[in-house]
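Worksheet for the structure shown next.
The values are calculated or read from the model by the stated rules, or taken from the named source; none is laboratory data. Not measured: the values here are computed from a predicted model. Neighbour counts are summed over all protein chains in view; Cβ atoms, including those assigned to glycine, are modelled from backbone coordinates with ideal geometry. Protein only, heavy atoms only, side chains kept; ligands, DNA and RNA dropped before computing areas. Shrake-Rupley method; radii C 1.70, N 1.55, O 1.52, S 1.80 Å.
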Amino acid sequence: MPLGIYEQIIMKQTTCFHCGDSCTTDHIIFDNKDFCCHGCKTVYDIFSENDLTCYYDLQQSPGATPKDIQGKYDFLTNENIIEKLTEFNDGNNQIVTLTIPHIHCSSCIWILENLNKLNPNITASQVNFGKKTLRVTYKSKEISLKELVLLLNRIGYEPYISLEDFNTGKNKVNRRLIYKLGVSGFAFGNVMFLSFPEYFEVEEFWLDQYKNVFRWLMFAFSLPVVFYAAQDYFISAYKGLKSKLLNIDIPIALGILVLFIRSTIEIVFDLGTGFFDSLTGLVFFLLLGKFFQQRTYNFLSFERDYKSYFPIAVTKIDYNKEIPIQVYDIKKGDRLLIRNEELIPVDGILINGNANIDYSFVTGESEAIKKTSGDKLFAGGKQTAGSIEMEALNAVEQSYLTQLWSNDIFNKNKEDGFTSLTNAISKRFTVAVLSIATLATAYWLVVDASKAINVFTAVLIIACPCAIALSAPFTLGNLLRIFGKLKFYLKNASVIEQLAKIDTIIFDKTGTITSNKESKAAYIGETLSTEEEALLTSTLRHSNHPLSRSLYDILQKNDIVSLNHFEEHLGQGIYGTSNSNSIKIGSANYVGKSQQDTELHTAVHISTNNAYKGKFTFYNSYRKGLSKLFKTLKKDFDLAILSGDNDSELENLKKLLPSKTKLIFNQKPNDKLEYIKHHQNNGANVLMVGDGLNDAGALAQSDVGIAISENINVFSPACDAILDASKFDQLHNYIKASKTAIKIIKWSFVCSFIYNVIGLYFAITGQLMPVIAAILMPLSSISIVIFTTIATNVLGRRLK
Amino acid sequence: MSVIYVLLTISIIIAVLFFIAFIKAVKSGQYDDDYTPSVRILFEDELVKTKPNKTIKKQKSN
């Protein structure tokens, strides 16, 4: 059959020139290039018409398929909403910053910064790759915000506008650390130059003549360092003392203060040159460590709540007119229109329409639920079948889902209750340093009272724990970056320390240990003949229903036969005939199976020539390496699975997982939170691995909450870390690496203690020269930085 | 007045000028995004390049 051969040639893995997906059903050849769908072809068409095909030269298949968004952005005509979203608006020109999740390569930057080629009314557009945002300046009289968003969607770069953007239009960036680093670096360099002459030359004519100028200049340079750049250390030390916590910042602040006061006194009374070089160097290195640790992932947000999921506006029906209104303006009794794929923003009652609500965000239940008019709808559900009309029962903040966020746990800062390794050490360190200082002073008071104050300050200066304070930031900061390259993104460095302490791991089921992308289907019933199988796949091929598509992907590709006839009955099933055979695929009723047993799983029934054959039942497919991961984890951790789903998978899970794994089903979001709280009260350190909004409470309550994400650009709930789903089986290795990192920190503590002992020898014997401090201090800091960096890199190389 | 004072003044003025330049650079947002500019600097020429390519393609397809 010539048609069959033709189709088979196409079936050979051709990938779309635009988006890189494999071309299956709607394969289009245009301009000698393959496209997977009409949308991709259109984008190519737009680009080639405007001489922008270079988009495809920079990176292979960089694009995304534009989505159908009819009416979705109508709310952008509302003046109030435009005002909230734009950061500048004078009536003629507007500036807006849009988050575009698809930004991922140099082609994206290129096309988005050449937007004015597509529409001359766009004056400027600038991409921030790290944050995945696009800042556009445009003439608002010629092109409205809505038209701009539609243009972006047409070329496959749909912006993500959520309730969270409501007030972010005028956000300010915090650059204080960079300023402080600049100030201290500037002062450090200059003070080094100025103090150099006095290091080696003593009592030389020219030096004696000008030394006061040099010294007072150094004093001037150190002022902004002490009073501006080192500010945070004094504040943190004060806070620590107030809450009776001896944190690492106390000896640091003490060291800085003593350095500054002693140096000032020395130059006022012409006793010596002071330690301004060590002082500025110390602050510079400390800030550098802070800067290194602080750099995080701009494009990921770890603080999301329902606001990032909810739409900014919704369509209200007022006397048969559709008006877009802000979500915050919804009042009780408002009639709302929810379109296909839109989220229900408030609790309400269904008025009319075919409601098929996907509550996976809220409950973790994977199946969509059918509702009839008069039923109650909860906020957070996603409508999946056409438009519906509903009546709001209350305002946004009072709905069932959003109330979860009124739990106290969301206002707590996890770091507050956690004593880091550095602070734990600094407690003993501070006590030790103070007692050495007093003992040494007491000794010198007896032997030579004139040296006593000198020795006391020298001990405090040399014991200033610069190297200790640097070991954790550089070790953890570097590991944070290594993890990031491996697609394990941590909120901040202290998560690594907490991860190393974990003894209990709790997993969510749906979306966490199961994959959303793949599913498995098992066939129960009479065996199908080869002919029937061919007919089955050929018929499925014609349908665009999600179940048909996934079943088609699962089944082996048989020879394609051409169909004589094909019918699709919406909501029921499909019907196909070839030669003398006919097949019905769909719901039990549709294929003519009378009695319907209560099914926990989604199933597709099949009958050929009006005789019932059997059914395909869909199961969740578990992630690759799940059973192996659990087997390695069970040696060191207590394991449990908390699922919002029903217990249909209980038997399967029992087979897959080690026998002592606890399996608990039908858990509401609040139950999960309470379960973790209960374990924590019994002294467990809990790691929660989850994915949806329904896990948000549990993720916040746990010591470390990891969100699993199939696509890190898609939004995940508030958590401490985001793990790319493809790296799920590596979880154990990441925890082990965190434990090794703690060992590295401990070793570098040992190194810095050795430096401190050497320094203390000079200090106690009363012979601490500025030049010794100036050598010892950077030497210890730099060697610690080198040690930790090399050690973590070796550690990182072993990770996959 | 010794030459040392002159030298010191000059060196500090230069250092302070650089420092001001740094503050200005941070203020203008240069340090907010340290990746995109490195890609952007390589563009510019592309638009010119595509045009001859385009005509060749068209001739071929005709």
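Some points to look at:
- Taking helices (runs of 4 or more DSSP H) as the structural unit, those lying wholly within chain B and holding at least 3 residues that are more than 7 Å from chain A (Cβ to nearest Cβ) and either exposed (fewer than 11 other Cβ atoms within 10 Å of the Cβ) or modelled with pLDDT of 90 or more (or both) correspond to B:3-27, B:46-61.
- Odd one out for residue A:731 among (1) of a type in the set (A, V, I, L, M); (2) under 24 Å from residue A:438 (Cα atoms); (3) surrounded by 17 or more Cβ atoms within 10 Å (Cβ to Cβ): (2)
- Scanning the stretch A:512-547 for residues being open to solvent by less than 20 Å² (accessible area, probe 1.4 Å) and either of a type in the set (Phe, Trp, Tyr) or modelled with pLDDT of 75 or more (or both) gives a total of 11.
- Considering residues of the stretch A:113-124 that are in contact with a strand residue (DSSP E or B) (Cβ under 7 Å, 6 or more places away or on another chain) and either closer than 12 Å to residue A:159 by Cβ or of a type in the set (A, V, I, L, M, F, W, C) (or both) only, the residue surrounded by the most Cβ atoms within 10 Å (Cβ to Cβ): A:115
- Whichever residue in the stretch A:548-563 is open to solvent by 40 Å² or more (accessible area, probe 1.4 Å) and either farther than 18 Å from residue A:533 by Cβ or in a helix (DSSP H, G or I) (or both) and, among such residues, is modelled with the lowest pLDDT: A:549
- Counting the residues of the stretch A:615-638 that are in contact (Cβ under 8 Å) with a residue 40 or more places away in the chain, among the aromatic types (Phe, Trp, Tyr) and under 17 Å from residue A:734 (Cα atoms) gives 1.
- The set of residues in the stretch A:424-479 that are in contact with an Asp or Glu (Cβ under 9 Å, 6 or more places away or on another chain), open to solvent by less than 10 Å² (accessible area, probe 1.4 Å) and among the hydrophobic types (A, V, I, L, M, F, W, C) comprises A:472, A:476.
- Residue among A:788, A:765, A:792 that is surrounded by fewer than 20 Cβ atoms within 10 Å (Cβ to Cβ) and not assigned by TED's automatic domain parsing to the domain that holds residue A:494: A:765
- For the stretch A:201-259, the tally of residues that are of a type outside the set (Phe, Trp, Tyr), in contact with a helix residue (DSSP H, G or I) (Cβ under 9 Å, 6 or more places away or on another chain), open to solvent by 40 Å² or more (accessible area, probe 1.4 Å) and under 30 Å from residue A:431 (Cβ atoms) stands at 9.
- Subset of the stretch A:34-90 that is touching a Lys or Arg at 6+ places or on another chain (Cβ under 9 Å) and of a type in the set (D, E, K, R) - its residue that is most open to solvent (accessible area, probe 1.4 Å): A:57
- Subset of the stretch A:36-74 [part of a loop (DSSP other than H, G, I, E, B), within 13 Å of another protein chain (Cβ to nearest Cβ) and either in contact (Cβ under 8 Å) with a residue 60 or more places away in the chain or of a type in the set (A, V, I, L, M) (or both)]: A:50, A:51, A:52
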